[in-house]
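The values are calculated or read from the model by the stated rules, or taken from the named source; none is laboratory data. Everything quoted here is computed from the prediction, not taken from an experiment. Cβ placement follows ideal geometry from the backbone for every residue including glycine, while neighbour counts extend to all protein chains displayed.
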Amino acid sequence: MSNKNLTFLSLIIIWLGVLIACIFGKPLISGSQQEVLRIGLVTLILGGLFATKNVFENFKIAKENNFNNYKVVIISSIVIWLIVIIGSIFSPSFITGSDPTSLPLFIIFGPFLGSYFIKLSAQFIIFLKEDV
């Protein structure tokens with residue numbers, strides 16, 4: 001596969017993952033009436049936007065540095081985002097208070113951490129290119 005096709009594949013996986021995690025992810029539940037807030041709609045969409053930007057930056061850096069092993073970097077981006085999606089769906093919630101409030105911490109922080117790690121993979125392109 002060419003680098004452009006791999007980049008396109010990673011973007012498809014990111015946004016299909018966002019859709020799946022928004023549907024099946026755990027909601028924030030709080031209050032005596034146990035109101036449900038789908039916090040994942042906000043965090044996953046924002047995290048997906050940041051991850052998309054970082055995938056394009058990965059492609060740009062790889063193209064500027066004539067990096068031949070771009071497949072390693074884009075596959076790592078796909079794996080990172082799959083971990084975010086699986087964690088958003090299956091991670092436990094933090095339950096606290098007398099009206100039990102259920103906080104799905106991974107779905108709140110996971111997408112931002114995942115997009116940050118995708119950004120870090122772009123930084124490692126330069127280090128991978130150098131012969132050690």
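Some points to look at:
Per-residue answers, yes or no, for (1) surrounded by fewer than 14 Cβ atoms within 10 Å (Cβ to Cβ); (2) in contact with a strand residue (DSSP E or B) (Cβ under 9 Å, 6 or more places away or on another chain); (3) at pLDDT below 90:
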| site | (1), (2), (3) |
| --- | --- |
| THR43 | no, no, no |
| LYS60 | yes, no, yes |
| SER76 | no, no, yes |
| SER98 | yes, no, yes |
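- Selection count where residues are modelled with pLDDT under 85, more than 18 Å from GLU57 (Cβ to Cβ) and part of a helix (DSSP H, G or I), scope the range 1-18: 0
- Residues in the range 19-52 that are under 14 Å from the mean Cα position of the chain (by Cα), under 14 Å from PHE106 (Cα atoms) and not in a loop (DSSP other than H, G, I, E, B): ALA21, CYS22, GLY40, LEU41, VAL42, THR43, LEU44, GLY47.
- Answer residue from the range 5-18, given it is more than 15 Å from GLY110 (Cα to Cα) and touching a residue at least 40 places away in the same chain (Cβ under 8 Å) and is surrounded by the fewest Cβ atoms within 10 Å (Cβ to Cβ) among those: LEU9
- Once the range 67-96 is narrowed to residues that are without any contact (Cβ under 8 Å) to a residue 40 or more places away in the chain and assigned to a loop (DSSP other than H, G, I, E, B), the residue that is farthest from the chain's Cα centre (by Cα) is ASN68.
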